[in-house]
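Peer 1: Let me give you the structure first, and then I'll get to my questions.
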Amino acid sequence: MWATPSASDNRRKKNMSQNSSSTSKRISTYLMMIVLIVLALSIVSLLLSVNAFAAGNDMLAGFLLVIGFIAMALSVYVLLQSRKRAASMKIEAPKVMTTIECKKCNFKSIRQFQRGDFVFKDLDPCQKCNENMIITAIYKEVKEKEKTYNV
Amino acid sequence: MVFAAIEVLPSLFGGGGDSISSILSMLFYVVFIVFLFYGQRIQMYVMIREVEGSLYKLKYIKEEGRKITIETIKEIGKPKTDPSARVDRYLEYFTISPQSMDPAGIVYKLDHILDVRDTRLKDEVKLMAPESSEVQINNLENTLEAAMALNYIYKIVRHFYIQGKKTLSLYIIMQLQMILPLVMKEAEAYASALKAFADGQPIGDGVGPLVAAKLLHGYETAKVPKDCVVASVPIENRTALIIKAEGPGGNVGKPGEAVSAVIKEHKGKIDSVIMIDAGLKLEGEIVGEVVEGIGAAIGGPGVDQFKIEEAVVKHKIPLNAVVVKEDIGDAVSPMRKEIADSVDKVIERVKTVILERTKEGDKVIIVGVGNTIGIGQ
């Protein structure tokens, strides 16, 4: 029922991955082209602003300067964004707490979870009454409040 | 040369104004023409990039899950050889559901397949981690299942992503991009679950067993098939037969078989069955909210629900349910404080149901449904 992959299958898979990476390259080139055009236009704008400034047209010079800088900043931003990958990703481990209680004297303490803890596990005797303490709860506290939508 | 070109631009674009308005009008025309012909394609590339970003994240989560699993196995199970190859083989395991063209008897076929799967996976874990105890084996099995789920999600998203890129079909990419936030939420939940299973922490789904454990703690328990425990506890002058999966290892047991066995043992003389489980909340509902209803509150493939319904219908026993609201992320990640705090509210609600729906001296079955990881009895 489950055929083992033959040499031709492997070749096909290899081709598939090559096709896939070439498509990816095409997208990058496409994006790069747009960014480069915007970058070139921003440089033209900056040159024009210098020209306008020399001609004494301060208002036009300022206008072109702003446009040039905005376009340049945007293109650099897009370029950096496209290079940004999964580097900053990580799985955050939440802080889990264990509540320990003495059933006799109601002494309660909370500490960080340790491997081997479980709810209703008997622990060392209570510091106050010498009765065995037990774990009554293990939970994580979620700090951020959920957004409410008033509906 | 640039300035000379700009001088000519007004005549080309019909403008008689200065050079800046010529540049702007030229840009407008270029943008208009580009979007006219390539608008959909640009939109698709934007979507592809979005999916690609999520796919990288999924790959990272999957790899991280595999790493955590292997490290946990090495730490707990003390294997003599490197378990990586066996873990990779485990991650690719599949289960074929029974043929449903003739649905008669399909529940028992599915039950059998799930039993075989469970035994097979447990045996694999024992081989991977020979030094681990029964509780640790259950926790490791759950850890591996979470890693398996992450691997599966990654492969499915990658499949549609590559298919979309190969065919350059907007509709394949669009469908994937539309469901991606939900897929990512689920993947992040499984990543969180993986860590909880590896450490043996109670998860949100364990609220049912936690309520049952709180009710039966201090009373003598007996084992019932399969992987469950039962204890007889007096509540409000009634006899409550409390059932939960045997903890503290990661285990959901088979509440269907346990309820059937207890009803059979008492010759059908049970006056009510109350099931406690975690229920999926809708957006806008509060985590840890306790609600009440009718029917078998149990998820999974449906085998246990079928068996419970079959047993209660046979003896005409009323079936009540108390559910604690939480979302999928809360259900498989370490238990939130709001859910742990809801346990007392659930017990109050169960007592109210018992007082209102049964008489003194009656027998009631209370079932805490869910994964009992990190919860003893």
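Values quoted throughout were computed directly from the atomic coordinates according to the rules given, and no laboratory measurement underlies them. Keep in mind that this is a model prediction, so the values were computed, not measured. Positions of Cβ are backbone-derived with ideal geometry, glycine not excepted, and every protein chain shown enters the neighbour counts.
Peer 1: At q = 0.09, 0.14 Å⁻¹, what is the log10 ratio I(q)/I(0) for the stretch B:85-229, with the Debye formula run over Cα points and no solvent?
Peer 2: Evaluating at q = 0.09, 0.14 Å⁻¹ gives log10 I(q)/I(0) of -0.43, -0.96.
Peer 1: Additional query: To the nearest 0.05, how large is the calculated FRET efficiency for B:Ile294 and B:His266 if R₀ is 25 Å and r is the Cβ-Cβ distance?
Peer 2: Here the calculated transfer efficiency is 0.70.
Peer 1: A further question follows. Only Lys, Arg, Asp and Glu count, each charged at its Cβ (+1, +1, -1, -1), so figure out the dipole size of chain B about its Cα centre, rounded to 20 debye.
Peer 2: Dipole about the Cα centre, nearest 20: 720 debye.
Peer 1: A further question follows. Please compute the net charge surrounding B:Gly374, taking Lys and Arg as +1 and Asp and Glu as -1 over other residues with Cβ under 9 Å from its Cβ.
Peer 2: Summing Lys and Arg as +1 and Asp and Glu as -1 gives -2.
Peer 1: Subtract the Cα-Cα distance of B:Lys185 and B:Thr239 from 0.36 nm times their separation in residues, and report this length gain in nm to one decimal.
Peer 2: Between B:Lys185 and B:Thr239, full extension yields 15.2 nm more.
Peer 1: So if each residue of separation counts as 0.36 nm, and I subtract the Cα-Cα distance between B:His315 and B:Ser97, what length gain in nm does that give?
Peer 2: Taking B:His315 through B:Ser97 to full extension adds about 75.4 nm, to one decimal.
Peer 1: Right, next: B:Met335's amide H: which non-local residues (gap 5+, or another chain) put their own amide H closer than 5 Å, with H modeled 1.01 Å from N in plane and none for Pro or chain starts?
Peer 2: Those lying under 5 Å, H to H, from B:Met335 are A:Lys140, B:Ile203, B:Gly204.
Peer 1: Of all alpha-carbon pairs in the stretch B:269-377, indicate the percentage at a distance above 16 angstrom.
Peer 2: Distances greater than 16 Å cover 61 percent of the Cα pairs.
Peer 1: Right, another one. Whose amide H sits under 5 Å from the amide H of A:Phe113, counting only residues 5 or more places off or on another chain, with H placed in the peptide plane?
Peer 2: For A:Phe113, the qualifying residues are A:Val96, A:Met97, A:Thr98.
Peer 1: What's the angle, to the nearest 10 degrees (0 to 90), between helix B:106-128's Cα axis and the longest principal axis of chain B?
Peer 2: Compared with the principal axis, the helix lies near 80 degrees.
Peer 1: Once phi is turned into ³J(HN,Hα) by the Karplus curve 6.51 cos²θ - 1.76 cosθ + 1.60 with θ = phi - 60°, what whole-Hz value does each residue of the stretch A:98-104 show in order, with x for glycine and proline?
Peer 2: 10, 9, 10, 9, 9, 6, 7
Peer 1: What dipole magnitude, in Debye to the nearest 20, does the protein assembly as shown give about its Cα centre under +1 on Lys/Arg Cβ and -1 on Asp/Glu Cβ?
Peer 2: 1200
Peer 1: So, one more: Starting at the first residue of the stretch B:260-270, write each ³J(HN,Hα) from the Karplus equation 6.51 cos²θ - 1.76 cosθ + 1.60 with θ = phi - 60°, in whole Hz, x for Gly and Pro.
Peer 2: Once rounded to whole Hz, the list reads 4, 5, 5, 4, 5, 4, 9, 6, x, 8, 10.
Peer 1: Towards the positive end of the charge dipole of the protein assembly as shown, with charges on Cβ (+1 Lys, Arg; -1 Asp, Glu), say which of B:Val116, A:Val142, A:Leu47 has the farthest Cα.
Peer 2: Among B:Val116, A:Val142, A:Leu47, the one farthest towards the positive end of the dipole of the protein assembly as shown is A:Leu47.
Peer 1: Right, here's the next one. Spelling out what I want: for every residue of the stretch B:30-37, take phi, set θ = phi - 60°, compute 6.51 cos²θ - 1.76 cosθ + 1.60 (Karplus), and round to whole Hz; glycine and proline get x.
Peer 2: Calculated HN-Hα couplings, in order: 4, 4, 4, 5, 4, 6, 5, 9 Hz.
Peer 1: From other protein chains only, count the Cβ atoms within 10 Å of every residue's Cβ in A:56-66, then give the mean.
Peer 2: Averaged over the peptide's residues, the number is 1.
Peer 1: Cβ under 9 Å from B:Ala189's Cβ, B:Ala189 left aside: what net charge do those residues give with Lys, Arg +1 and Asp, Glu -1?
Peer 2: So the environment of B:Ala189 carries a net charge of -3.
Peer 1: Please report the base-10 log of the normalised intensity I(q)/I(0) for the protein assembly as shown, using a Debye sum with one equal scatterer per alpha carbon and no solvent, at each q in 0.11 (1/Å).
Peer 2: So the normalised log intensities are -1.03.
Peer 1: Order these peptides, A:123-133, B:309-319, by their mean beta-carbon neighbour count within 10 angstrom, highest first.
Peer 2: B:309-319, A:123-133
Peer 1: From the helices alone, meaning DSSP H stretches of at least four residues, give me the mean residue ellipticity at 222 nm for chain B, per-run term -39500 (n - 2.57), in deg cm²/dmol to the nearest 500.
Peer 2: The helix contribution divided over chain B gives -20500 deg cm²/dmol.
Peer 1: Which values, in whole Å and largest first, are the semi-axes of the equivalent ellipsoid of the stretch B:159-267 obtained as the square root of 5 times each eigenvalue of the Cα gyration tensor?
Peer 2: Gyration-tensor ellipsoid for the stretch B:159-267: 44, 16, 12 Å.
Peer 1: Please report the projected area of chain B's Cα convex hull averaged over all directions, in nm².
Peer 2: 28.0
Peer 1: While we're looking at this one, here's another question. Report, in listed order, any pair from B:Lys67/B:Lys281; B:Lys264/B:Lys316; B:Lys325/B:Lys351; A:Lys140/B:Lys126; A:Lys108/A:Lys128 with a Cα-Cα distance greater than 22 Å.
Peer 2: Table pairs above 22 Å Cα-Cα are B:Lys67/B:Lys281; A:Lys140/B:Lys126.
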